[in-house]
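J.: First the structure, then my questions, so here it is.
Laboratory data are not the source of any read-out in this text; all were calculated from the coordinates shown. No experiment lies behind these values; they were computed from the predicted model shown. Note that we place each Cβ from the backbone using ideal geometry, even for glycine, and neighbour counts take in every protein chain shown.
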């Protein structure tokens, strides 16, 4: 099953790889964390490098990163379900969803998708892989909430995007995670790299690309 997901993901990389020609919500002012530290994992000397889907996925296979493989599978399911380009999102894409007990975060996900110009299935995939929908989830490294945002990353995103003080608030946590996903997309323009950088931090991911150091 895992091998099939990776093969399918390779097949669909051309769909994912291109940058949007007209991003809906450009994020012009990025935090230092988005450029070097990522999700609270500081690394010096990070730099943008040429990216290939094959090398990124090979790194994931060698490190047995189940979470990233889950991302890939969930994203593939979303793309196949909706049948559209992952960056084909507009501010008028869909009305805000009504509260639904079986999908309690749908409205927040729709709002975040429209605000930051990324597909809903990206947000859903990360939420499911990171926290499985547990609002109070906290990792051993200190990542918080539905989207597992690190404290330093949260602090910068909260100020920049006018979020509240509670990192576990479902709406604000989803907004922060979506904003960070958009920053990673703008930085790499490649879904495979975006997911790896979101999970490990862009500094760590860039070091992996430079030196081959294993991703966490």
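J.: For the stretch 167-209, which semi-axes, largest first and in whole Å, follow from the square roots of 5 times the eigenvalues of its Cα gyration tensor?
T.: Values: eigenvalues 91, 24, 9 Å².
Whole-Å semi-axes of the equivalent ellipsoid: 21, 11, 7.
J.: If you don't mind, another one. May I ask you to derive the FRET efficiency for residue 210 and residue 161 from their Cβ-Cβ distance with R0 = 35 Å, giving the value to the nearest 0.05?
T.: Values: r = 31 Å, r/R0 = 0.87.
E(calc), rounded to 0.05, equals 0.70.
J.: Please give the peptides 175-183, 115-123, 152-160 ranked by average Cβ packing (other Cβ atoms within 10 Å per residue), highest first, as a rough proxy for protection. Don't skip to the answer; put the middle values down first.
T.: Values: 175-183: 26.6, 115-123: 22.8, 152-160: 19.3.
Listed from highest to lowest mean packing, they are 175-183, 115-123, 152-160.
J.: Okay, next question. Using the Cα atoms of the stretch 105-186, I'd like the radius of gyration and the largest Cα-Cα distance, Dmax, both in angstrom.
T.: Cα only, the stretch 105-186: 11.1, 32 Å (Rg, Dmax).
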